[in-house]
Amino acid sequence: MSSNNSNQPTRMSRSKQQKKAPGTGRGWQRVKKTLYIVFAALFVVLLMGMGLFFFYAQSAPKVTQSELASDTSTKVYDASGSVISKLGAQDRNYVKSKNIPGTLKQAVVSIEDKRFYKHHGVDPTRIMGAAVADLTGSSLGLQGGSTLTQQLVKLSVFSTAASDRTIKRKAQEAWLALQVERKYSKDKILEFYINKVYMGNGVYGMQTAAKYYYDTKLSNLNLSQLATLAGMPQSPTSYDPIKYPQLATQRRNTVLTAMASNNVITEAQANQAKSVDITTDLVTRHSDSSRTNTNAKVIDSYLKNVYDELKKKGYNTNTGGLKVYTNLDLSAQKHLYNTVNNDSTIGFPDNKLQVGATMVNAKNGKVVAMIGGRKVGNVSFGFNRATRTDRSSGSTMKPLMDYGPAIEYLKYPTYQPVSDTAYTYSGTNKQLYDFDRKYQGTITMRKALVESRNIPAIRTLEAVGIDKATTFLGKLGMTFKDELQLQNGIGAYISSEQEAAAYAAFSNGGTYYKPYLISKVVTSDGESKSFKSKGKRAMSPATAFMLTDMMKGVMTDSNGSGTAADISGLYQAGKTGTTAYPDEYASSVPDSSVMDSWMTGYTKNYSLSVWTGYDHQFKAGHYITQDQTKIAQLIYKSQMTYMAQNSTNENWTAPSDVVPVQRNGTTEYYVSGHPGTSAIANSGATNQYSSTNNSSSSRYSSNSQATTNSESESSTSSSNDSESNTQTEQTPGGDGTNNESSNANSTSTTEE
């Protein structure tokens, strides 16, 4: 018997084997210890999170019924603090809960917050589900982590700017959502939400949207239409059924699917509604709904730039509930608008001749008025010609690129001898001419600038060098995509806004202020941010003063190019500019016709730049005659005369390092220690003023105009690719001297 059981372990031996299982007890102890640590850490994190939540909650702003029920339009104020625009506010028609179709409520809840009737403002289940969906990519864009109540709070109290999507804001949003749920019924919360959401095209609230898109009330809409509206708040622009019917259809169908899944409609009802063409019964023509103020047309161009500036700063103008304070001088804006649209004395040849004009405060860069077009009908936020950079500035470039750098870097005196003799661009057969196709020999820099002679300007730029000229322009806020060429000294692609700001630096003694329209933004939660332009030294006070003193003669000298802009008794300075047609097109228009005409000038208070021209300058009849080039000057004169009524009239005084000297009955100036020389300093021969820059004279190309890097809008004009380096100005003194068209190998520029 014993032999039969010899291979079986005894009870005692089995027990011993069990006790000897390696590490069994110690392993379990380690697991328990790890679990304790994990749970303890989670508990600490939870406590810290709760502490942080309540800390943030204490500083949460109050939320009132008026805020929940009010509109969230962006309100824009002028410099005096008066409201000039309310984006979206006017079309917001409030609808009470009892008049909101139950189907719409069900659609909104199904697509935005299907547990809306179960939570108390914050839904942990929804938050966890959204987190998992984000991680797995399975959300299909149906719902996020915020409840409808949280979304309502965000629209009512907080800024919707991306920069405000912080943990603090989310905590405060959740806390306020809990408070709202305690105070208001679910139906009331839905009522607030349905009336507050942005629905695209300046429309707020779904009742207003029903009128805008279907020209009827919510109560008259069918299931397909209600589902369309319910789906729009997530992305009002993308889901606009008029502009993007395909995307809107997809979104509507997603809403219908969600409603069927939430058992508020049947699958059959969903499928039937999905089969409806989304464009059925849509209203495609309606009046603009973005603004109601009576000054809409007057301030249109200015407002367009304000909204563009807001977006660049990260603000949402549609749902932000912002208060935007601008630098707009409404009276100045109205006068400028009336001048270009209603003043018969200006002499516009037709309603198609366009204007782009910008006025800035010369002491700080504030844009006080802006006109982007005239006779534009009911178009809102259309093409802004004041900020376009696709038309040549003509000879208004000469102080900026030629004579300014010459004084700054080469210390030219105002009486610097310059050569007005035959000139051909180095390395080419391109010949440069003046308006009269004559030469005056050796003249002073002052005379060359006042009469806007081209050859002395280019010779001066040649002496300065492209590199230094480019540096000078850069300090005035102008950078260029392409390398500048010599011919840009008599014209480059810059805007009236850029030019007004640059000339303002001449006015204030050499400090450049970047032009800006917005002075302060207050968000819906009361946070305020102010803006201003920090001035930067662009040139010496001596350079600014000497340029100003020379440019006074542009308007006052009998041979000046801008005599039509002269205002008796007002201290001002400025420059004119026009651009001629390219050689290959010149024969298609009358002699001396031009494409663009400019007048840019300033007082000690304001700087104003005015461009005039046709959008389609190569279209038959769309040319500017020599007499019509004065229109830009007359607009300038009218506006500056108006502004002078309520501002001081101060003259400029010479800085301590600028020395006056009498030359031929004229008070000239030079920088102390640099009286200049009687020799011709830029006749083409090597001299003490010659530039050390490498071969700047060879920088010539058939594409004459450089374009600035500032944002420009696509022009409605014909392509300018065919433009040659042809600048033209009306005759000095306005005597009507005829300018012959240039030959095929010349670069002709005529000046006023």
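The values are calculated or read from the model by the stated rules, or taken from the named source; none is laboratory data. Small disclaimer: the values here were computed from a predicted structure and weren't measured. Using ideal geometry, Cβ is built from the backbone for each residue, glycine included, and neighbour counts are taken over all protein chains shown. Side chains included, ligands, DNA and RNA excluded: accessible areas come from the protein's heavy atoms. Shrake-Rupley method; radii C 1.70, N 1.55, O 1.52, S 1.80 Å.
In segment 101-123, which residues are part of a loop (DSSP other than H, G, I, E, B) and either touching an Asp or Glu at 6+ places or on another chain (Cβ under 8 Å) or in contact (Cβ under 8 Å) with a residue 24 or more places away in the chain (or both)?
Pro101, Asp113, Lys114, Arg115, Phe116, Tyr117, His119, His120, Gly121, Val122, Asp123
Out of (1) outside any strand (DSSP E or B); (2) closer than 25 Å to Ser507 by Cα, what's the single condition that is false for Tyr585?
(2)
Sort out which residues of segment 574-615 are open to solvent by 10 Å² or more (accessible area, probe 1.4 Å), within 26 Å of the chain's Cα centre (by Cα) and of a type in the set (S, T, N, Q), and write them in order of number.
Asn605
Filter segment 240-263 down to the residues that are under 36 Å from the mean Cα position of the chain (by Cα), part of a helix (DSSP H, G or I) and of a type outside the set (A, V, I, L, M, F, W, C) and list them by number.
Scanning segment 240-263 gives Pro245, Gln246, Thr249, Gln250, Arg251, Arg252, Thr254.
Is at least one residue of segment 249-269 touching a helix residue (DSSP H, G or I) at 6+ places or on another chain (Cβ under 9 Å), open to solvent by less than 40 Å² (accessible area, probe 1.4 Å) and among the basic types (Lys, Arg)?
There is at least one residue in segment 249-269 that is touching a helix residue (DSSP H, G or I) at 6+ places or on another chain (Cβ under 9 Å), open to solvent by less than 40 Å² (accessible area, probe 1.4 Å) and among the basic types (Lys, Arg).
In segment 642-660, what residues are exposed (fewer than 14 other Cβ atoms within 10 Å of the Cβ) and either in contact with an Asp or Glu (Cβ under 9 Å, 6 or more places away or on another chain) or closer than 17 Å to Met599 by Cα (or both)?
The one that is exposed (fewer than 14 other Cβ atoms within 10 Å of the Cβ) and either in contact with an Asp or Glu (Cβ under 9 Å, 6 or more places away or on another chain) or closer than 17 Å to Met599 by Cα (or both): Pro660.
Output the number of the condition that Ile167 fails; it satisfies all remaining conditions of (1) touching an Asp or Glu at 6+ places or on another chain (Cβ under 9 Å); (2) at pLDDT below 80; (3) among the aliphatic types (A, V, I, L, M).
(1) is the only condition that Ile167 fails.
When you check Arg374 against the structure, is it closer than 17 Å to Glu499 by Cβ and either in contact (Cβ under 8 Å) with a residue 24 or more places away in the chain or polar (S, T, N, Q) (or both), yes or no? Even if it seems obvious, please write down each step before you answer.
Numbers: closer than 17 Å to Glu499 by Cβ: no; either in contact (Cβ under 8 Å) with a residue 24 or more places away in the chain or polar (S, T, N, Q) (or both): yes.
Spelling it out, it is not the case that Arg374 is closer than 17 Å to Glu499 by Cβ and either in contact (Cβ under 8 Å) with a residue 24 or more places away in the chain or polar (S, T, N, Q) (or both).
Please identify the pairs in which a residue from segment 140-153 that is within 17 Å of Ala69 (Cβ to Cβ) has its Cβ atom under 6 Å from the Cβ atom of a residue that is part of a helix (DSSP H, G or I) and modelled with pLDDT of 85 or more, counting only partners at least 6 apart or on another chain.
Correct list of pairs: Leu148/Glu112; Leu148/Tyr193; Thr149/Val180; Thr149/Glu181; Thr149/Ile189; Leu152/Phe192; Leu152/Tyr193.
Can you run down the residue pairs with Cβ atoms below 6 Å, 6 or more apart or on separate chains, where the first is in segment 407-435 and under 21 Å from Asn488 (Cβ atoms) and the partner is basic (Lys, Arg) and not in a strand (DSSP E or B)?
Once the first residue is under 21 Å from Asn488 (Cβ atoms) and sits in segment 407-435, its partners that are basic (Lys, Arg) and not in a strand (DSSP E or B) give Tyr409/Lys468; Ser419/Arg459; Asp420/Arg453; Asp434/Arg453.
Let me confirm something: among Lys62, Lys86, Lys98, which residue is open to solvent by 50 Å² or more (accessible area, probe 1.4 Å), modelled with pLDDT under 90 and not in a loop (DSSP other than H, G, I, E, B)?
That would be Lys86, the only listed residue that is open to solvent by 50 Å² or more (accessible area, probe 1.4 Å), modelled with pLDDT under 90 and not in a loop (DSSP other than H, G, I, E, B).
Taking segment 370-425, which residues are in a helix (DSSP H, G or I) and open to solvent by 10 Å² or more (accessible area, probe 1.4 Å)?
Hits for segment 370-425 are Glu408, Tyr409, Leu410.
Provide a single number: the residues in segment 343-366 that are in a loop (DSSP other than H, G, I, E, B), open to solvent by less than 10 Å² (accessible area, probe 1.4 Å) and touching a Gly at 6+ places or on another chain (Cβ under 8 Å).
Looking only at that region, the number is 2.
If a residue must be out of contact with any strand residue (DSSP E or B) (no Cβ under 7 Å at 6 or more places or on another chain) and surrounded by fewer than 16 Cβ atoms within 10 Å (Cβ to Cβ), how many such residues does segment 533-555 contain?
Matching residues across segment 533-555 total 1.
Considering every residue within segment 481-495, establish whether at least one is in contact with a Phe, Trp or Tyr (Cβ under 8 Å, 6 or more places away or on another chain), more than 23 Å from Val324 (Cβ to Cβ), in a helix (DSSP H, G or I) and not basic (Lys, Arg).
yes
Go through the residues of segment 555-573 one by one and say whether even a single one is over 27 Å from the mean Cα position of the chain (by Cα) and of a type in the set (Phe, Trp, Tyr).
Looking through segment 555-573, at least one residue is over 27 Å from the mean Cα position of the chain (by Cα) and of a type in the set (Phe, Trp, Tyr).
Step by step: first the residues of segment 461-495, then only those that are hydroxyl-bearing (Ser, Thr, Tyr) and under 11 Å from Ser393 (Cβ atoms), then the one that is surrounded by the fewest Cβ atoms within 10 Å (Cβ to Cβ). Which residue is that?
Tyr493
For segment 217-239, which residues satisfy the criterion of being modelled with pLDDT of 95 or more and not in a helix (DSSP H, G or I)?
The answer is Leu221, Asn222, Tyr239.
Taking Met478 and the conditions (1) in a loop (DSSP other than H, G, I, E, B); (2) of a type outside the set (Gly, Ala, Ser); (3) free of Cβ contacts under 8 Å to residues at least 40 places away in the same chain, which numbered condition does it fall short on, given that it satisfies the others?
Here Met478 clears every test but (3).
Is it the case, given these coordinates, that Tyr244 is in contact (Cβ under 8 Å) with a residue 60 or more places away in the chain, of a type outside the set (A, V, I, L, M), surrounded by fewer than 22 Cβ atoms within 10 Å (Cβ to Cβ) and out of contact with any strand residue (DSSP E or B) (no Cβ under 8 Å at 6 or more places or on another chain)? Outline the logic, then answer.
Details: in contact (Cβ under 8 Å) with a residue 60 or more places away in the chain: no; of a type outside the set (A, V, I, L, M): yes; surrounded by fewer than 22 Cβ atoms within 10 Å (Cβ to Cβ): yes; out of contact with any strand residue (DSSP E or B) (no Cβ under 8 Å at 6 or more places or on another chain): yes.
Answer is no for this residue.
In segment 639-656, how many residues are in a loop (DSSP other than H, G, I, E, B) and within 32 Å of the chain's Cα centre (by Cα)?
Summing the residues that are in a loop (DSSP other than H, G, I, E, B) and within 32 Å of the chain's Cα centre (by Cα) in segment 639-656 gives 4.
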